[in-house]
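The values are calculated or read from the model by the stated rules, or taken from the named source; none is laboratory data. The model shown is predicted, which means the values in this text are computed figures rather than measured ones. Here the Cβ is made from the backbone with ideal geometry for all residues, glycine too, and neighbour counts use every protein chain on show. The protein model used for the area step is the full one, side chains on, heavy atoms only, and it has no ligands, DNA or RNA in it. Shrake-Rupley method; radii C 1.70, N 1.55, O 1.52, S 1.80 Å.
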Amino acid sequence: MEKLILTADNPNNIRIDKYISDNAEEISRSYAAELCEKGMVTVSGCPTGKKYKPQSGEVIEITLPEPESLDLTPENIPLNIIYEDDDVIVVNKPQGMVVHPAAGNTHGTLVNALLYHCGDKLSAINGVKRPGIVHRIDKDTAGLLICAKNNEAHLKLSRQLKERKASRRYYALVNGRVKEDGTVNMPIARHPKDRKKMAVVRGGREAVTHYRVLEQFRDYTLLECTLETGRTHQIRVHMAKIGHSLVGDRTYGISKEKIKTNGQLLFAKTIGFVHPKTGEYMEFSADLPDYFEEILNNLRRSEQNG
């Protein structure tokens with residue numbers, strides 16, 4: 001069994017299930033709570049419940065169970081593999097594909113495809129429904145993802161994401177003309193009234209997005225967004241908050257879009273990380289999808305024609 005050890009630094013006196021999920025991004029809060037209930041979380045050697053509030057300096061030890069048998073179906077879905085070795089696999093996820101199974105989406109996910117391609121060579125840290133999944137992108141966001149083929153690789157990659165040592169750059173087409181480069185530093189949490197949405201909320205988790213203007217159009221701007229943190233829907237929420245929602249974003253965008261899309265125009269273009277075994281820094285980029293490039297070309301032609 002794998003063990004993960006944290007030394008608590010908890011000035012805000014939050015519960016241990018939330019503390020674990022905040023400080024070990026590979027573990028969700030619900031999974032942390034489940035581990036507490038199973039007696040697999042100890043504080044200074046003593047098992048603790050999920051409501052315990054660890055004191056700064058206490059040692060939290062999390063025992064990660066051996067993988068359970070998967071009740072998931074491997075599916076022969078083509079994968080656009082950018083890089084693969086015995087420890088990691090970098091894939092270019094298409095728009096419209098869900099990353100891992102959940103209620104209402106048990107087939108056709110990236111996990112189903114990975115199970116077919118990799119067999120049992122996937123990490124098990126995120127539980128039986130998310131083998132190999134170190135981080136996620138939204139269903140309608142296309143682009144690059146790192147997946148782990150063993151638990152050691154998973155832990156090291158997750159730690160890089162948490163410590164902001166991995167590099168993630170996105171291309172986003174947003175509404176309106178963005179005049180100059182900038183940074184959005186606004187905390188994000190669940191929307192207080194709509195739990196399916198995220199929002200900028202005082203007291204939420206720190207969220208920092210840097211953006212750079214790549215190309216301006218009459219009513220739109222192509223941005224490169226670099227994530228310093230990786231909160232759910234971060235780029236979408238931040239851009240909407242500053243008045244430049246993503247084109248095609250049905251959750252945070254404008255109601256009457258002139259450009260017809262199948263989802264937000266957001267693409268995870270570049271990802272960089274230190275290889276968990278070799279220690280070598282690796283960076284991969286992918287070309288914009290055809291649908292994204294076609295929309296940009298249409299905008300360019302429209303600008304030229306006045």
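Specify which of the listed residues (Ile82, Ile62) is modelled with pLDDT of 95 or more, assigned to a strand (DSSP E or B) and of a type in the set (Val, Ile, Thr).
Ile82
Is it the case that the range 273-287 has a residue that's modelled with pLDDT of 95 or more, under 21 Å from Thr183 (Cβ atoms) and either touching a Lys or Arg at 6+ places or on another chain (Cβ under 8 Å) or open to solvent by 40 Å² or more (accessible area, probe 1.4 Å) (or both)?
Checked against the condition, which is being modelled with pLDDT of 95 or more, under 21 Å from Thr183 (Cβ atoms) and either touching a Lys or Arg at 6+ places or on another chain (Cβ under 8 Å) or open to solvent by 40 Å² or more (accessible area, probe 1.4 Å) (or both), the range 273-287 yields no hits at all.
Can you find even one residue in the range 69-76 that is open to solvent by less than 50 Å² (accessible area, probe 1.4 Å), in a loop (DSSP other than H, G, I, E, B) and either farther than 25 Å from Gly230 by Cβ or modelled with pLDDT under 95 (or both)?
yes
For every residue, the table says whether it meets (1) free of Cβ contacts under 8 Å to residues at least 12 places away in the same chain; (2) buried (at least 21 other Cβ atoms within 10 Å of the Cβ).
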{"residue": "Arg169", "(1), (2)": "no, no"}
{"residue": "Pro187", "(1), (2)": "no, no"}
{"residue": "Arg195", "(1), (2)": "yes, no"}
{"residue": "Tyr211", "(1), (2)": "no, yes"}
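Checking Lys258 against (1) at pLDDT below 95; (2) in contact with a strand residue (DSSP E or B) (Cβ under 8 Å, 6 or more places away or on another chain), which single condition isn't satisfied?
Every listed condition holds for Lys258 apart from (2).
For the range 198-293, which fully contained strands (runs of 3 or more DSSP E) count at least 2 residues that are more than 22 Å from His135 (Cβ to Cβ)?
So the answer is 208-216, 220-227.
Against the definition (without any contact (Cβ under 8 Å) to a residue 24 or more places away in the chain and either within 22 Å of Gly132 (Cα to Cα) or exposed (fewer than 13 other Cβ atoms within 10 Å of the Cβ) (or both)), how does Cys36 come out, yes or no?
Taking the combined requirement at face value, the residue does not satisfy it.
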